[in-house]
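Okay, structure first, notes after.
Just so you know, all these numbers are worked out from the coordinates, no wet-lab data involved. On a predicted model such as this, the values are computed, not experimentally measured, just so you know. Cβ sites come from the backbone with ideal geometry, for glycine too, and all protein chains shown count toward neighbours.
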There are 2 protein chains.
Amino acid sequence: MQVLVTGGGGFLGGRLARELLRRGCLTDAAGKTVEISRITLLDINFPERKEQALTYVQGDLTDARLLEEIVGEETAAVFHLASVVSGGAEADFELGMRVNLDGTRALMDACRKRARTPRFVFSSSVAAFGHGFPPVVDDRVVALPLNSYGAQKVCCEYLINDYSRRGFLDGRALRLPTIVVRPGKPNLAKSSYASGIIREPLNGVAARCPVSRDTGIWILSPGKVVDALIHACELPAAAWGVNRVLNLPGTTVTAGEAVDALARIAGPAVAGLVEWQPDADIQAFIDSLPVRFRTERAESLGFVADAGIESIIRDYIADQAIRL
Amino acid sequence: MQVLVTGGGGFLGGRLARELLRRGCLTDAAGKTVEISRITLLDINFPERKEQALTYVQGDLTDARLLEEIVGEETAAVFHLASVVSGGAEADFELGMRVNLDGTRALMDACRKRARTPRFVFSSSVAAFGHGFPPVVDDRVVALPLNSYGAQKVCCEYLINDYSRRGFLDGRALRLPTIVVRPGKPNLAKSSYASGIIREPLNGVAARCPVSRDTGIWILSPGKVVDALIHACELPAAAWGVNRVLNLPGTTVTAGEAVDALARIAGPAVAGLVEWQPDADIQAFIDSLPVRFRTERAESLGFVADAGIESIIRDYIADQAIRL
C-alpha cells in the first residue's frame, strides 16, 4: 500500500513518516497487515535533511491537480496534517479558509475519485471548543469554537463524516490536544509557548511564558500523537461507526506545573530561564480552550495519554538526546 | 434599508417577501424601526405572478459577481433561504456542495465586503440531527447529520458563527422544523409527504403517504416560520451572543394524527384520499430525524410554535381560501 502524509515537512508529519518507515506496514481495511510500498510527503517546504526512503512532493494543498496526482489508486491511507495554525488563520482569514477548509476538501475530493476508499486520518483540534463548554468536556459536548481555525476544523469534521457515510473515503478525525514538547522553533500557534517554556530552557535559552502560572492546558506528547494517528488509521471502520470524530486523551497541566517539573528534572537554573511576561491576547485564546476532558470514547477505542508532564519532558530529552 | 431574500422564487421566500412588504419596516441594529426601501428577491426561477413592489433578480447563488451586485451598501438584512433540498443534495452531491456550502459562503463573502454589517438570517434544518440524539433533543445535543444536506447546513452554521464573531456579518441561523402545510406541488425534500397528505386531499386529489401512520415529524407552519425569520432578524445581536444557531420550536405530529385531524376538519371523504404506500428510503430518512425537541433557548428569545396540527390545517385552509 501507499501512504500520503500532508504537512509532511512539519515536525509532526516528519515524525509520523519516520515511524511509518520504522513499522514498515499498516493494517488495511480487510484487517490484514500490509507492507507500505511508498510514503509520499506533501508540503510547501521541507527541511534540508531528507530520508532516502521517503518521497517528497513540494506543492500546495489547494492545487487540486497535484492532489489528484499524488493520491493514487494504490493510496490506502492519507494522513492529513497540513494546516494554517490558529494564530495564522486568525491573522489571515482567507488563507485559513483556503488551506484549512478548501484544501481539505480538495484532498477529500481527490480520495473520492479513487476506486478504492482510502483511510483518511485528519488532525482536528481542541480549538473546536471555545464557548459554553463545561469544566470537564466529554464526548457529548457541542463544539463552539471561538477562532477561525477551530471553525474550519469543525467544518472539515462534518465533511469527513459525510464523505465517510457516502463511501467516498474512510475518515477518522482526532481532536488533538496541544502537542508538547514540539522540537524546533516557536510557530504561529497561540499555544506555541507550551512547548517553548520547556524546549528553550533545555537548550539554554530564555523562554517567555505569555500566560499566568495557573493557566492550564490539555497536552499530548509527539510520540503519543503519532501513535494515535496510526492507531486511528488501523482501527476498523466498524469501530468508528457513523461518528468519525473524537477527542483524544491527554494530560492537564498548568504552566507553573510544567516549569516546576522542568526544575525537578533539569534543575532550578534551567527552569529559571522561563520569564513570565503576560500577553493578553494569548492568555485570552488559551483561556477560551478547555483544560479538562473525559475521553471515554477514545479510551474505549484504545487511544492513550502520557503518564504525566514529567514523562513528557523526559521523553523529549531522550528523543532529542539532550545532555543535562 | 434594503433587504435581500435568496430563494425568493420559492414559496417560503415569496411569503416572507410579501410579509415584509406588508410590515414595511424592520428593527435595525440600533433598535430603531426603519422603513424598507427595497426588497430584492434572488432565485434561479420565479413564478409568473410578480409583485410590482418587489425587485426580482434571476441568477445563481454561486455567481459571486452577481452576489456582490445585489448585496449593496444599503443592504441591512439578508434572508438566505435558497438551497438544494435534502433529497436533491443526496442525489447530486456536487450540486448540494456547490449551492448549499459554496453558495452560502459566496453570499457571506459578499456581505463581508460591505462597510456596514448586514444581519444574515439563515434557514438551517433539523436535518442537522441524525445520529445518536436522545428522545428529546435540547439545545445541548451535538448535531450529527445522516445526510449531505444536513452536513452542509451545519458547516454553514459554523461559518456563520465565525463570520459573526469576526464582525463580517451579524448572523442568525434557525434550524427549521419541517414546514407544513407547504402550498403548491410536492418537491424533492424527503419530508414532502408531510404537506402532501394534507394539501392534496384538500384539493380533491389522492396523496401517497410513504411513511407509517405512527411516524412522527417535527413541524412548523409557514406563517410561524416567516414570523420566526423576521423575529430572528430583529433580535439584537446581544440576545444571540456567541452562538448564532438555534432549534426552532415546533409541534410533534404523526402522519396518522395529521390525517385524523384532516378528517375532523374536512371530513372522512377528504381524509380518505390519503393512500398509505410505504417507501423504505423515505421512511429511513424520516426515522433518522428527531421528533421531539425542548427548545428553551428559542422560547426564551421569543420564538413560538403553532397551537397544534388542527390550527396548522385551519391556517392553511384560510390562507389558500379553500372552500370545504
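Across the range B:162-289, Cα-Cα distances exceeding 25 Å account for 36% of all pairs. For chain B, the Cβ-based charge dipole about the Cα centre amounts to some 540 debye (Lys, Arg positive; Asp, Glu negative; other atoms uncharged).
Simple point charges give the picture: +1 on the Cβ of Lys and Arg, -1 on the Cβ of Asp and Glu, and for the protein assembly as shown a dipole about the Cα centre of about 80 debye. The range B:52-128 and the range B:255-275 have Cα centres separated by 38 Å. Taking amide H atoms as placed 1.01 Å from N in the peptide plane, the amide H of residue B:122 lies under 5 Å from those of B:80, B:172, B:173, B:174, each 5 or more residues away in sequence or on another chain. Residue order for A:75, B:55, fewest other beta carbons within 10 angstrom first, comes to B:55, A:75. Averaged over peptide B:149-155, the number of partner chain Cβ atoms lying within 10 Å of each residue's Cβ comes to 5.
The ranking of A:138, A:43 by Cβ neighbour count inside 10 Å, starting from the fewest, reads A:138, A:43. Here the alpha carbons of the range B:134-214 define both size measures, Rg and Dmax, at 17.0, 52 Å. Evaluated with a Cβ-only charge set (Lys, Arg +1; Asp, Glu -1), the range A:222-295 carries a dipole of roughly 380 debye about its Cα centre, given to the nearest 20.
Please compute the net charge surrounding residue A:122, taking Lys and Arg as +1 and Asp and Glu as -1 over other residues with Cβ under 11 Å from its Cβ.
Working: positive: A:119, A:153, A:172, A:175, A:244; negative: A:157.
Value of the local net charge: +4.
Per the Debye formula with a single identical scatterer at each Cα and no solvent contribution, what log10 I(q)/I(0) holds for the protein assembly as shown at q = 0.05, 0.10, 0.12 Å⁻¹? Scattering profile of the protein assembly as shown, log10 relative to I(0): -0.26, -0.94, -1.24.
Rule-of-thumb check for the range A:70-141: C-alpha Rg over 2.2 N^0.38 Å?
1.37
Please express the shape of the range B:1-94 as an equivalent ellipsoid: the semi-axes are the square roots of 5 times the eigenvalues of the C-alpha gyration tensor, given largest first in whole angstrom. Ellipsoid semi-axes (Å, largest first): 24, 15, 13.
Of the residues A:218, B:240, the one with the fewest other Cβ atoms within 10 Å heads the list, and the complete ranking is B:240, A:218. Evaluating kT/(6 pi eta Rh) at 4 °C and 1.567 mPa s, with the Kirkwood radius of the range B:160-206 over Cα pairs in the Stokes-Einstein relation, gives 99 µm² s⁻¹. As a ratio to 2.2 N^0.38 Å, the alpha-carbon radius of gyration for chain A is 0.96. Convex hull volume per residue, computed on the Cα atoms of the range A:7-60, equals 84 Å³. Taking amide hydrogens as placed 1.01 Å from N in the peptide plane, the amide H of residue A:190 sits under 5 Å from those of A:86, A:87, each at least 5 positions away in sequence or on another chain. If the cut-off is a Cα-Cα distance under 16 Å, which aspartates and glutamates reach residue A:224, setting aside same-chain residues fewer than 8 apart in sequence? Cα-Cα hits under 16 Å: A:19, A:234, A:299, A:306, A:310, A:315, A:319.
Stick to Cα atoms and the Kirkwood definition of Rh, then tell me Rg/Rh for the range A:226-324. It would help to have the intermediate numbers written out before the result.
On the way: Rg = 17.3 Å, Rh = 16.3 Å.
Radius of gyration over Kirkwood radius for the range A:226-324 works out to 1.06.
Close amide-amide hydrogen proximity is noted between residue B:215 and B:255, B:256, each under 5 Å apart and 5 or more residues distant or on a separate chain (H modeled in the peptide plane; Pro and chain starts excluded). The angle between the Cα long axis of helix A:148-165 and the main principal axis of chain A comes to about 30°, on a 0 to 90 degree scale.
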